Amino acid sequence: MDRDRDESGRPRNARARDALGRPLPPGAQGEPRIPDDLSLPPAETLAYAQDLLSRGSAFHAHEVFEAAWKNGPDGERPLWQGLAQFAVGVTHIQRGNRMGAAALLRRASTLLAEVPGAPYGIDIAGLTATGAELADDLSAGAEIDAERLRPRLTR
């Protein structure tokens, strides 16, 4: 069977996905996907992702950040990659994968901590602290309240 590939030949998975980004059986109707080629200015990227996070759609916020990471300037890659990993960490909490969530949140916090300043008004310090606190609580077996999974991206 031929694998679905993008224009550059990279493999992709075009299967429908549920609200948490899990692939559904072939032919199933899933959630609308964020286009891979989404290209928004940073302020719109942040607003879109914030809306998704606020609605509990961390997987889709991750896709928005991933598009910014892949389609934005190379110098901003660590910023968008860190935000994408943070959103995936939240997605793993929502899916019940505590160990994977803790690992991704720590990785995201490390990446974000290396971003100088607060580009585009992003609360780098707050997100870094939130990611580390969530990871520590997950590792300690603490319950995570759903409100903690809706972080504010900007100050």
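The values are calculated or read from the model by the stated rules, or taken from the named source; none is laboratory data. Computed from a prediction, not measured in an experiment: that's the story for all the values here. So basically every Cβ, Gly included, is an ideal-geometry build from the backbone, and we count neighbours across all protein chains shown.
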Practice item. Please work out which one of (1) more than 19 Å from Glu66 (Cβ to Cβ); (2) loosely packed, with under 15 Cβ neighbours inside 10 Å; (3) of a type outside the set (Lys, Arg) is the condition Ala102 fails and give its number. Key: (2)
Check your understanding: Based on what the data block shows, is Asp123 of a type in the set (D, E, K, R) and more than 16 Å from the chain's Cα centre (by Cα)?
Key -> no
Exercise for review: Confirm whether Gly126 is modelled with pLDDT of 95 or more, in a helix (DSSP H, G or I), under 19 Å from Ala61 (Cα atoms) and in contact with a helix residue (DSSP H, G or I) (Cβ under 8 Å, 6 or more places away or on another chain).
Suggested key: no
Check your understanding: So is Ala103 within 11 Å of the chain's Cα centre (by Cα) and either at pLDDT 90 or above or within 23 Å of Arg148 (Cα to Cα) (or both) or not?
Key -> no
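Identify all residues within the range 105-123 that are at negative phi, in a helix (DSSP H, G or I) and surrounded by fewer than 14 Cβ atoms within 10 Å (Cβ to Cβ); write none if there are none.
Passing the criteria: only Pro119.
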Practice item. Working carefully through the options His62, His92, find the one that is in contact with a Gly (Cβ under 6 Å, 6 or more places away or on another chain) and part of a helix (DSSP H, G or I). Key: His92
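From the residues in the range 49-74 that are more than 12 Å from the chain's Cα centre (by Cα) and not acidic (Asp, Glu), which one is surrounded by the most Cβ atoms within 10 Å (Cβ to Cβ)?
So the residue we want is Gly72.
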Practice item. Inspect the range 106-116 for any residue being over 13 Å from the mean Cα position of the chain (by Cα) and hydroxyl-bearing (Ser, Thr, Tyr) and give the result as yes or no. Key: yes
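With the condition kept exactly as written, say whether any residue in the range 131-149 is assigned to a helix (DSSP H, G or I), among the basic types (Lys, Arg), under 15 Å from Pro78 (Cα atoms) and at pLDDT 95 or above.
From the range 131-149, those assigned to a helix (DSSP H, G or I) are 131-139, 146-149; that's our starting set.
Within this subset, residues satisfying the condition of being among the basic types (Lys, Arg) are 148.
Those still in the list that are under 15 Å from Pro78 (Cα atoms) too: none.
No - not one qualifying residue is present in the range 131-149.
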